[in-house]
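Take a look at the structure set out below.
The values are calculated or read from the model by the stated rules, or taken from the named source; none is laboratory data. Because the structure is a prediction, the values reported are computed rather than measured. Glycine gets a Cβ as well: all are built from the backbone with ideal geometry, and neighbour counts include every protein chain shown.
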Amino acid sequence: MGSFSIWHWLIVLLIVVMVFGTKKLKNIGSDLGGAVKGFKDGMKDGGTAEAAAAADAAAANAPAAQVAANKVAEKATIDVEAKTKS
């Protein structure tokens with residue numbers, strides 16, 4: 001009673017296919033695969049490649065004082081207050 005047999009899983013699969021249809025399940029699978037691929041690419045890149053390239057270009061064109069000010073500004077946080085609609 002604790003585990004499901006192969007027949008239980010086949011019946012569940014048949015019901016899912018009947019409810020959603022094969023086309024919708026195919027779309028859901030491809031969307032999920034694209035999301036996983038995008039997540040893996042984001043984790044691999046770390047999102048720092050573009051930021052590092054932009055910072056290098058800015059550092060090459062800007063005076064040293066402006067570069068130091070930019071680094072201080074990047075570390076600053078913005079404090080916001082969330083309000084709920086009434």
- Query: Of the residues ALA64, ALA35, which is among the aliphatic types (A, V, I, L, M) and at pLDDT below 70?
  - Reply: ALA64
- Consider ILE15 carefully, then state whether it is aliphatic (A, V, I, L, M) and modelled with pLDDT of 90 or more. yes
- Message: Looking only at region 1-33, how many residues end up being part of a helix (DSSP H, G or I) and either surrounded by 10 or more Cβ atoms within 10 Å (Cβ to Cβ) or under 27 Å from the mean Cα position of the chain (by Cα) (or both)?
- Response: 23
- Message: Looking at region 8-23, I want the residues that are at positive phi and in contact (Cβ under 8 Å) with a residue 60 or more places away in the chain and have a partner that is part of a helix (DSSP H, G or I) and exposed (fewer than 10 other Cβ atoms within 10 Å of the Cβ) with Cβ atoms under 8 Å, at least 6 apart or on another chain. Which pairs are those?
- Response: none
